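Visitor: This is the structure I have questions about; it appears just below.
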Amino acid sequence: MKLSPLQIARYQYNPKLPGMLRNGIAEICVKNGAPTESVADQEKIKALFPNTYGKNEITFEKGENTSPAKKQIVGVILSGGQAPGGHNVVSGLYDALKATSKENELYGFKGGPSGLIDDDFIVFTDEYINQYRNTGGFDIIGSGRTKLETEEQFKIVAENCKKHGITAIVIIGGDDSNTNAAVLAEYFAANNTGVQVIGCPKTIDGDLKNEDIECSFGFDTATKTYSELIGNIERDANSAKKYWHFVKVMGRSASHVALECALETQPNICLIGEEVAAKKMSLAQITDYIADSVAARAAKGMNFGLAIIPEGIVEFVPEFSKLIAEINELLAGSKADAFNALATWEEKYAFIKNGLTEESFKVFEILPAGIQQQLFLERDPHGNVQVSLIESEKLFSEMVKKNLAARKAAGAYKGKFSPLHHFFGYEGRCAFPSNFDADYCYSLGYNAFMLIQYGYNGYLSKVSNLSKPAEEWIAGGMPITKMMNIERRHGADKPVIRKALVELDGAPFKFFEAHRDEWAVETCFTFPGAIQYFGPSEVCDLTTHTLALEKA
């Protein structure tokens, strides 16, 4: 395989570790913190996790290593969607394991959690690991979305671990994957398997965070990648001066990515789902808000601009969520067959009109025809609308176009509106990790092995103080159960890690809120440019605006 010059240079990058992890394995000791409890539903979570609940948070410090000496055979999986830096978590884990003893081994289970069940693995070597250091993607062993949640699955995993003498499993994933890690850890503890489970916080969506986890890995690189592209489009818009660009970005359950990209690029419009929900904004109100910006800029002779739309925005619109719920009910069971048997869209439209409440049909009626049909043609395996497939960037540009036409007819608008559409998702998931993510991920992996070495189970690898230079980062661990609450999933109560939403009283949103009125009318675009890997630290090691504002 031919390597690019950047790939060759990145292989040679030495990730920075927190100061206390640089002392050498023999000089790292544990400092116990306070006992923990779950973020909510304490009694229910405690009852579900009697062997792993309420444990202490811990931090690592310089001091004598008192962990018992034993051979460690560790398994690792990558779970869920890709995020930049995953390879460095594996590299950091491998290096710490080998620094402790050359006899230790690391098994990489292929294809995510299913690799643990199918016993499909590779035993890592220096030569193999070195091909993936500081690179993007999850191709080192692949990933998958199989859930580990049944007694039968747990038994198979336990048997496979026993067969290979595996002492610990590291699960690198998001909120669902780390929920699975907590459940598996509890099973191992309850059945005295002697196998530990450690999680690592991954997701580019940025919604796996709390007072302990300052950010999930991959968020920095992904938002920088999207922001580079958005900045390029802004420069093009400011050059051509004739297009409005509607850019959809990743983030179905929370708008962290959209907010960070807005802080980096200062677009004319950025919708924040959490604000839409809090204000109970309708589709018409959102449309008016965007159209006001278009009209105000047109009055100044600027028939161009850029709007950032989070992927899951429509789910935050109360009236749209109600419409979706009614559609799912309308097509439940045999009623779906009756609908699908209708020959024309006109017949289906009449079926829909008769089946929806008057309130929801009014919402349905204002949608562009393409979106209307998509709501009924694209179904998930459970027969529900696949909201993530709705092209919300096209939805809002079409609605704005109709709004502006009405304004023009009333003599209230004289500009031109030519929309273009973009969706940035996969472009950011496997980018070369930024220096921040390369360092952070390597530290998470290295730290995960320290948790294993000291015998912890059901813990998340935790590295904090991330707005400071890496030397000042603090490494340690926290029980995964601390992040959990009970939610209703598929008709049953389930323990899950609570997703972190954009805080409307938080510093990042407040900064955005204070400036967006100016951005909406003036051209205040900023151009972040490509991720920089070499050069001054203030350029290359720069973290996100979100983290900087939160920790100011």
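Visitor: In this structure, does residue 65 turn out to be open to solvent by less than 60 Å² (accessible area, probe 1.4 Å) and either more than 20 Å from residue 202 (Cβ to Cβ) or at pLDDT 95 or above (or both)?
Guide: Here the answer is yes, as residue 65 does meet what is asked.
Visitor: Among the residues of segment 286-297, are any more than 30 Å from the chain's Cα centre (by Cα), farther than 28 Å from residue 416 by Cα and either of a type outside the set (Ser, Thr, Tyr) or not in a loop (DSSP other than H, G, I, E, B) (or both)?
Guide: no
Visitor: Here's another thing I want to ask about it. Could you please let me know if residue 450 is surrounded by 24 or more Cβ atoms within 10 Å (Cβ to Cβ), more than 26 Å from residue 10 (Cα to Cα) and not polar (S, T, N, Q)?
Guide: Considered against the rule, which asks whether it is surrounded by 24 or more Cβ atoms within 10 Å (Cβ to Cβ), more than 26 Å from residue 10 (Cα to Cα) and not polar (S, T, N, Q), residue 450 comes out as no.
Visitor: Consider residue 242 carefully, then state whether it is in contact with a Phe, Trp or Tyr (Cβ under 7 Å, 6 or more places away or on another chain), farther than 18 Å from residue 367 by Cβ, open to solvent by 10 Å² or more (accessible area, probe 1.4 Å) and among the charged types (D, E, K, R).
Guide: yes
Visitor: Kindly evaluate residue 98 against the criterion of being in a helix (DSSP H, G or I), under 18 Å from residue 14 (Cβ atoms) and either open to solvent by 40 Å² or more (accessible area, probe 1.4 Å) or free of Cβ contacts under 8 Å to residues at least 60 places away in the same chain (or both).
Guide: Judged against the criteria, residue 98 is a match.
Visitor: Return the pair list, or none, for Cβ contacts closer than 8 Å from residues in segment 184-197 that are at positive phi to residues that are buried (at least 23 other Cβ atoms within 10 Å of the Cβ) and outside any loop (DSSP other than H, G, I, E, B), at least 6 apart or on different chains.
Guide: Close Cβ pairs satisfying both conditions: 194/188.
Visitor: Here's something else I'd like to know. Is segment 122-131 home to any residue that is among the aliphatic types (A, V, I, L, M), without any contact (Cβ under 8 Å) to a residue 24 or more places away in the chain and touching a helix residue (DSSP H, G or I) at 6+ places or on another chain (Cβ under 8 Å)?
Guide: Yes.
Visitor: Which condition from (1) among the hydrophobic types (A, V, I, L, M, F, W, C); (2) within 17 Å of residue 315 (Cβ to Cβ); (3) open to solvent by less than 10 Å² (accessible area, probe 1.4 Å); (4) free of Cβ contacts under 8 Å to residues at least 60 places away in the same chain is the one that residue 261 breaks?
Guide: If we test residue 261 against (1) among the hydrophobic types (A, V, I, L, M, F, W, C); (2) within 17 Å of residue 315 (Cβ to Cβ); (3) open to solvent by less than 10 Å² (accessible area, probe 1.4 Å); (4) free of Cβ contacts under 8 Å to residues at least 60 places away in the same chain, just (2) comes out false.
Visitor: Further, regarding this structure: If residue 496 meets every condition in (1) touching a strand residue (DSSP E or B) at 6+ places or on another chain (Cβ under 9 Å); (2) surrounded by fewer than 16 Cβ atoms within 10 Å (Cβ to Cβ); (3) among the hydrophobic types (A, V, I, L, M, F, W, C) apart from one, which number is that one?
Guide: For residue 496, the exception is condition (2).
Visitor: Confirm whether residue 510 is out of contact with any Phe, Trp or Tyr (no Cβ under 6 Å at 6 or more places or on another chain), under 23 Å from residue 174 (Cβ atoms) and either open to solvent by 10 Å² or more (accessible area, probe 1.4 Å) or in a loop (DSSP other than H, G, I, E, B) (or both).
Guide: Considered against the rule, which asks whether it is out of contact with any Phe, Trp or Tyr (no Cβ under 6 Å at 6 or more places or on another chain), under 23 Å from residue 174 (Cβ atoms) and either open to solvent by 10 Å² or more (accessible area, probe 1.4 Å) or in a loop (DSSP other than H, G, I, E, B) (or both), residue 510 comes out as no.
Visitor: When residues of segment 466-484 are filtered for being crowded, with 24+ Cβ neighbours inside 10 Å and part of a strand (DSSP E or B), how many remain?
Guide: 6
Visitor: In segment 142-157, which residues are within 20 Å of residue 203 (Cα to Cα), open to solvent by less than 30 Å² (accessible area, probe 1.4 Å) and either out of contact with any strand residue (DSSP E or B) (no Cβ under 8 Å at 6 or more places or on another chain) or assigned to a helix (DSSP H, G or I) (or both)?
Guide: 148
Visitor: Criterion first (open to solvent by 10 Å² or more (accessible area, probe 1.4 Å), free of Cβ contacts under 8 Å to residues at least 60 places away in the same chain, assigned to a helix (DSSP H, G or I) and out of contact with any helix residue (DSSP H, G or I) (no Cβ under 8 Å at 6 or more places or on another chain)) does residue 487 satisfy it?
Guide: When the stated conditions are applied, residue 487 does not pass them.
Visitor: What do you reckon, is residue 107 farther than 29 Å from residue 494 by Cα and open to solvent by less than 60 Å² (accessible area, probe 1.4 Å)?
Guide: yes
Visitor: Pick from segment 453-465 the residues that are small (Gly, Ala, Ser) and within 30 Å of residue 193 (Cβ to Cβ): which of them is most open to solvent (accessible area, probe 1.4 Å)?
Guide: 455
Visitor: Restricting to segment 117-141, count the residues that are open to solvent by less than 20 Å² (accessible area, probe 1.4 Å) and not β-branched (Val, Ile, Thr).
Guide: Summing the residues that are open to solvent by less than 20 Å² (accessible area, probe 1.4 Å) and not β-branched (Val, Ile, Thr) in segment 117-141 gives 5.
Visitor: Looking at segment 520-547, which of the residues that are among the polar types (S, T, N, Q) and either modelled with pLDDT under 95 or part of a helix (DSSP H, G or I) (or both) is surrounded by the fewest Cβ atoms within 10 Å (Cβ to Cβ)?
Guide: 537
Visitor: Hey, can you tell me all the residues within segment 324-354 that are open to solvent by 40 Å² or more (accessible area, probe 1.4 Å), part of a helix (DSSP H, G or I) and among the small types (Gly, Ala, Ser)?
Guide: Scanning segment 324-354 gives 325, 338, 341, 350.
The values are calculated or read from the model by the stated rules, or taken from the named source; none is laboratory data. These figures come from a predicted structure and were not determined experimentally. Every residue, glycine as well, gets a Cβ built from its backbone with ideal geometry; the counts of neighbours run over all protein chains shown. In case anyone asks, the SASA skips ligands and DNA or RNA and just uses the protein heavy atoms, side chains included. Shrake-Rupley method; radii C 1.70, N 1.55, O 1.52, S 1.80 Å.
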